[in-house]
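Have a look at the structure below, then the notes.
What follows is calculated from the coordinates using simple rules that are stated; it is not laboratory data. Note that the structure is a prediction, hence the values are computed from the model and not measured. We place every Cβ from the backbone using ideal geometry, glycine too, and count neighbours over all the protein chains shown.
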Amino acid sequence: MIAANLPALQIVLPLIAAPLCLLLRRGNLAWALALFVSLAAFAIAVALLTQVLDSGAISYELGGWAPPWGIEYRVDVLNAFVLLIVAAIGAVVLAYARRSVAQEVPTSQHSGFYTAFLLCLTGLLGVAITGDAFNLFVFLEISSLSSYVLISMGRDRRALTAAFQYLVMGTIGATFIVIGIGLLYMSTGTLNMADLGARLPAIGANRTVLAAFAFLTVGATIKLALFPLHFWLPNAYAYAPSAVTAFLASTATKVSIYILLRFFFTVFGPTFEAEEITLNNLVVPLATIAVLVCSTVAIYQGNVKRMLAYSSIAQIGYMMIGIGFGTVTGLTAGIAHLFNHAVTKGGLFLVLGCIVWRIGSCRLGDLAGLGRRMPLTMFAFVLGGLSLIGVPLTAGFVSKWVLVQAAIEQGNWLVAVAILAGSLLALIYVWRVVEVAYLRPAPDSAPEAAEAPWSMLIPAWILIGASIYFGVETSLSLGVAEAAARFLLGGAG
Amino acid sequence: MPMIQRHSILRVTTKLLTPFILMFALYVQFHGDFGPGGGFQAGVIFGAGFILYALIYGIEAAEKVAPPGIIRVVMTLGLLLYIGVGYFGMFLGGAFLDYNVLRQDPVQGQHLGITLVELGVGTTVAATMITIFFSFAGRMRRAGRSG
């Protein structure tokens, strides 16, 4: 019974735990339930991915209604991979969250915090698993609304305006997506994405379909914060509670990239003419600018959290370059970088959360001398930073290497040079932190700082360790990403 | 004496209308599977009944009828009823939210399933409406006291 219902349980387990968390009222009990559920969701995601790799796509009919009329949950190699990323990060961040949230969020809001967190997890997993375009929009709204709430719980009062800014941009993005879905429904009469993919070629690129394509592209690019539609992201990440930043940075934008991939390659199909033009003439240049501009902006940030947020936009640029190439190598690089960056950036934000927990600030100047006082934490930051730069033997290197290969394959030397330049810029902004933390002595007025508690350090090290592990062992990240890329481009999954 | 104490017509009309509003909400709720209506609409009407009462008799009086703490629990219970029906279908060997398996006869199963799910929707929507109203109205009250 459980095995047959795994796709549904993936979603409804965190979904039913969310209201239960609110009923529990006590923060610690809510946390324990949320952690248990997120671990179960992770186990389910692992089981689903293994099953998909063994025996191909899984289809689940929600409520027993057959697709294309009913809502279908469809797990193939691409979204099984995304589910695994989201569920894994969710579990690690929740394990980390208890101490961090206890300090950063008022006690009366703790059970509400875990409720919103689980709803956000449900929404993100739901977007990834569903095979129904409208259901995708509903889950996107669930995850977005709960993430606005989570961001607004930040200690800094500016968290409220940041959340509001995100709400406005996010709502515009979601509205564009639903308009696009509406136009597709108008011209095909179906909402099932596989069915849409089968029917659209016969209709051809009439004006309604082109408008749908434009709305979906812009909507998804707002959500995934592609330059120049990224302005909501730095503030939202900088002022949200540490655990929320780590969770959203490594899942929310990644799931939005998944939405784009799904619509581009499953619904419209890789042969859709407007798509090729968009990818080559719009996505690749914008993504390249994102890498260069946002890496440069990151160098000038005085707040390390904001710096990492800008670095995230640059890293999203790398993923979008790969996707923009539209080749097997390019898509492999994009999808693998999605995984590697989720692990690396999640780890870095968790490390930053440890620092905030200890010294109550993440301004660059306040980090002086931390290399001595919090050696384990700062060393984790250095390792994560190396992966961000793309030093060999780290996860960041693996996907960037494939990305450069994809660029050379295309004869696109300009982009290849930009990718390398981006790495050099990353070296500068990571070095600024390392320099302050290791080479500058702590001021006498600095508060005493010891290591962060183990309950926070261990989860942070799990992700940082993973970013090293996946730099050596690439069969999961690169292997599955390549299978997903081939699947998207029409080969066998 | 608050202004509202003088408006006898409003007070008497509200007192007369409130039970009918709530009754009509229940009609829309349970008639939803045969006619226009359903959980969402019913929940809004039910919540509107409470909000009307709160507007006329003041928020303290309304909070006595519907204590915010309890309303919040009710809000989650509705959602849990909905998801619970889904799980129950799964335990009986169907898919999530499969109503066919709830009874021997699939038609009766569908009927039972949609009724319960809509009841969950109605409960949550009504409680959420009331909670949203209380939070905004309560804000004004707190601001008024401090200022």
Using the basic label-point model (7 angstrom from Cα toward the beta carbon), what is the A:Glu276 to A:Tyr469 distance in nanometres? 4.2
How big is D, in µm² s⁻¹, for chain B by Stokes-Einstein at 37 °C and 0.692 mPa s if Rh is the Kirkwood radius over C-alpha pairs? 194
³J(HN,Hα) computed for each position of segment B:103-110 - Karplus, 6.51 cos²θ - 1.76 cosθ + 1.60, integer Hz, glycine/proline x: 10, 4, 8, x, 5, 5, x, 4
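Given 0.36 nm per residue, what is the gain on full extension from A:Ala421 to A:Ala47 after removing their alpha carbon distance, in nm? Spell out each step's value before the answer.
Details: separation 374, 0.36 × 374 = 134.64 nm, distance 3.96 nm.
Fully extending the segment from A:Ala421 to A:Ala47 adds 130.7 nm.
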Label zone at B:Ala61, where the point sits 7 Å out along the Cα-to-Cβ direction: segment B:24-53 residues whose backbone N lies under 17 Å: B:48-53
Inter-probe distance in nm under a simple model that places probes 7 Å from Cα toward Cβ, at A:Arg372 and B:Leu16: 8.3
Measure nothing fancy, just the Cα-based angle from helix A:133-152's long axis to the longest principal axis of chain A, in degrees from 0 to 90, nearest 10. 10
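Which order do peptides B:17-29, A:197-209, A:136-148 fall in by mean Cβ count within 10 Å, highest first? Mind showing how you got there, number by number?
On the way: B:17-29: 16.1, A:197-209: 13.9, A:136-148: 21.8.
So the order, starting with the most tightly packed, is A:136-148, B:17-29, A:197-209.
Let me check I've understood the local charge: for A:Val93, count other residues with C-beta under 15 angstrom from its C-beta, Lys and Arg +1, Asp and Glu -1. What total comes out? Write down the numbers at each step before the final one.
On the way: positive: A:Arg98, A:Arg99, A:Lys254, A:Lys345; negative: A:Glu104.
After counting each charged neighbour, the total is +3.
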Residues of segment B:102-120 with backbone nitrogen within less than 20 Å of a virtual label 7 Å along the Cα-to-Cβ line of A:Trp69, please, listed as ranges. B:102-103, B:105-115
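Can you check what the net charge comes to around A:Gly70, using other residues whose Cβ is under 13 Å from the Cβ of A:Gly70 (Lys, Arg +1; Asp, Glu -1)? Numbers along the way, then the final one.
Numbers: positive: A:Arg74; negative: A:Glu61, A:Glu72, A:Asp132, A:Asp195, B:Asp98.
Around A:Gly70, the surrounding residues sum to -4.
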Can you tell me how much longer the chain between A:Ala205 and A:Asp444 gets when fully stretched, taken as 0.36 nm per residue apart minus their C-alpha distance, in nm with one decimal? 79.3 nm
Enumerate lysine pairs in the protein assembly as shown that are 8 or more residues apart or on different chains, then count those whose Cα atoms are under 21 Å apart. 9
Could you tell me which of B:Leu116, B:Leu26, B:Val85 has its Cα farthest along the dipole of chain B towards the positive end, charges placed at Cβ (Lys, Arg +1; Asp, Glu -1), taken about the Cα centre? B:Leu26
With unit charges on the beta carbon (Lys/Arg positive, Asp/Glu negative), name the residue among A:Val244, A:Leu427, B:Pro68 whose Cα is farthest towards the positive pole of the charge dipole of the protein assembly as shown. B:Pro68
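Per residue of B:92-102, how many C-beta atoms from partner chains lie within 10 Å of its own C-beta, taken as a mean?
Details: counts 1, 3, 6, 12, 12, 8, 6, 2, 2, 1, 0.
That works out to 5 on average.
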Working from Cα positions, state the angle (0 to 90°, nearest 10) between the long axis of helix A:284-299 and the longest principal axis of chain A. 10
At 0.890 mPa s and 25 °C, Stokes diffusion of the protein assembly as shown via Kirkwood alpha-carbon radius, µm² per second: 95
Once both label points are put 7 Å beyond Cα along the C-beta direction, the B:Ser8-A:Ser59 separation in nm becomes 7.1
For a quick protection proxy, order the peptides A:258-267, A:408-417 by their average other-Cβ count within 10 Å, most packed first. A:258-267, A:408-417
Tilt of helix A:304-325 relative to the longest C-alpha principal axis of chain A, in degrees (0 to 90, nearest 10)? 30
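Per residue of B:67-79, how many C-beta atoms from partner chains lie within 10 Å of its own C-beta, taken as a mean?
Values: counts 0, 0, 1, 0, 0, 4, 4, 0, 2, 7, 2, 1, 6.
Average neighbour count from other chains, rounded to a whole number: 2.
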Which whole-Hz couplings ³J(HN,Hα) result when phi for each residue of segment A:338-353 is put into the Karplus expression 6.51 cos²θ - 1.76 cosθ + 1.60, θ = phi - 60°, listed in order with x for Gly and Pro? 4, 5, 5, 5, 4, 5, 5, 5, x, x, 5, 5, 5, 4, 4, x
Starting from the amide H of A:Asp132, placed 1.01 Å from N in the peptide plane, find each other amide H under 5 Å away whose residue is 5 or more places distant or on another chain. A:Glu72, A:Met193
Starting with the fewest neighbours, write out A:Met307, B:Met90 ranked by other beta-carbon atoms found within 10 Å of each beta-carbon. B:Met90, A:Met307
With point charges of +1 on the Cβ of Lys and Arg and -1 on the Cβ of Asp and Glu, referenced to the Cα centre of segment A:279-404, which listed residue (A:Gly324, A:Ser295, A:Leu352) lies farthest in the positive direction of the dipole? A:Leu352
³J(HN,Hα), Karplus 6.51/-1.76/1.60, whole Hz, each residue of segment A:401-413, x for Gly, Pro: 4, 5, 5, 4, 4, 4, 5, 5, 4, 7, x, 8, 5
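Rounded to the nearest 20 debye, what is the charge dipole size of the protein assembly as shown about its Cα centre when +1 sits on each Lys and Arg Cβ and -1 on each Asp and Glu Cβ?
On the way: 34 positive and 26 negative charges, 454 e Å.
Magnitude of the dipole: close to 2180 debye.
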